[in-house]
1. Would you work out if region 273-409 is rounded, prolate or oblate? Take a ≥ b ≥ c from the square roots of the eigenvalues of the alpha-carbon gyration tensor; rounded if a/c is under 1.5, else prolate when a/b is larger than b/c, oblate otherwise.
2. Which percentage, to the nearest 5, of the DSSP beta bridges contained in region 116-241 is antiparallel?
3. Compute the distance in nm between two label points, each set 7 Å from the Cα along the Cα-to-Cβ direction, one at Q142 and one at L190.
4. Can you give the net charge of the other residues whose Cβ lies under 15 Å from the Cβ of G351, counting K and R as +1 and D and E as -1?
5. Please order D139, D292 by the number of other Cβ within 10 Å, starting at the fewest.
6. Run the simple label-point estimate for N285 and A382 please: 7 Å along Cα→C-beta, distance reported in nm.
7. Between region 356-382 and region 258-285, what is the C-alpha centre distance in whole Å?
Amino acid sequence: MPAAARTAGLKLPLLVLLLGVAMAAAACGDGGGSPASASPTPTAPHSASASPASTSPTSTSPTASPTGAQTRSAASACVERTLAGMSTAQRVGQLFMSAVSSTGPTAAQLQVLRQGQVGSVILMGHTEAGSRAVRAGTDRVQALAPTVAGSRVGLLVGVDQEGGQIQVLGGPGFSAMPSAAEQGGWPTALLQGRAATWGRQLAQAGVQLDLAPVVDVVPAEETSVNEPIGRLARGFGSTPGTVARQSSAFVRGLRQSGVLSTLKHFPSLGHVQGNTDFAANVVDNVTGPDGDFVLPYRSGIQAGAQFVMVALATYTRIDPRHPAVFSPTVVRGLLRGTIGFQGVVVSDDLGNAASVRSVPAGQRATGFLAAGGDLVLTVDPATVGAMTAAVLAEVNRDPAFRKGVDASVRRVLTAKLAAGLLTCPH
């Protein structure tokens, strides 16, 4: 049975329920998660009902039944018991996602995972080898899963599987996915059904997390000059309503298959020109705190998205002093506060991206976590050692930072529980 489908007897809707409740509990303990001097005063979260009715999201609100309460309590106990049984190094390792080859991890990549006790991986490099070959590689990754306090803690396996030019996994067992631009013109029922199929294919290959959908809103007149999204046909449309409707259908389809989804790139790459992977000093002078990015995020979160990826660009109307990925105003103020997201906040690439090369690797990791992030993504395994060492040093130096790390580990473990990767003894 695929790793994403192993649910310890729990059905997906209940798992999503547990995810929301446990993440809410983690959020409640996060008030001092990073140095207080870096935290803005968040505004009150908006109601999820602000999402358009056309997205028709499936409700994930907790029920009041005694059975549901008991299950939520058991899930929370599982996460807390696992967290308590972890060493400091193991906790820090849970906050990293390092790259392995999609055709199978190399010995060097596996050694990085072991040494850093890394808890998540991203599959890199387009392959047409097919599902069985990918599954053989992800099984080798899962062989590194530790047992903590009697609980097996699997590694979260993610991949960029958007469609069009951004589809890492292909070959037998994987459908050819049209671009998001094409998906944006489909009826939502069709898109949700196709996304469910794509999700099942990922699950069969041992992938639990799709680093998709893109919810950036690129105005039609800016498509030709927008390098990261518009030119690559990665957007679902040119208006917030269209992007919200279509991306939410994509999220619901993945959720049907038991695969977690990621809304990206917060707050938006819709008004930039340069691609942060290849260009430094990418700046957005248009997007404000109540910009056109808000609707797709609220809609996608209500539809069940459990991860949000933060961009590397700088937004002068929100925080002119920091790139979004290092900005408490963006992460704690906007994403956690204004939008009310309680799930896992993952960075865009902090390994090879040109936008962050001038920042020492260790400072990239600590800066993101101090801003309120949870999961450091690096496509360069060579940076993992410096990054984990810097985070360990900061944990030992600053009790507030350590508290934030623990809150982030709770969110990651809760997501793993929902994906069937955390199994606790009865």
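Quick note: the coordinates plus some simple rules give every number you see, no bench work behind them. Nothing here was measured: the structure is a model prediction, and the numbers come from that model. Reconstructed Cβ throughout: ideal geometry from the backbone, glycine too, with neighbour counts over all protein chains shown.
1. In terms of gyration-tensor shape, oblate.
2. Close to 40 percent.
3. Here the answer is 3.4 nm between the modelled labels.
4. -3
5. With the fewest neighbours first, D139, D292 line up as D139, D292.
6. With each label point 7 Å from Cα toward Cβ, the separation is 3.6 nm.
7. So the two Cα centres are separated by 16 Å.
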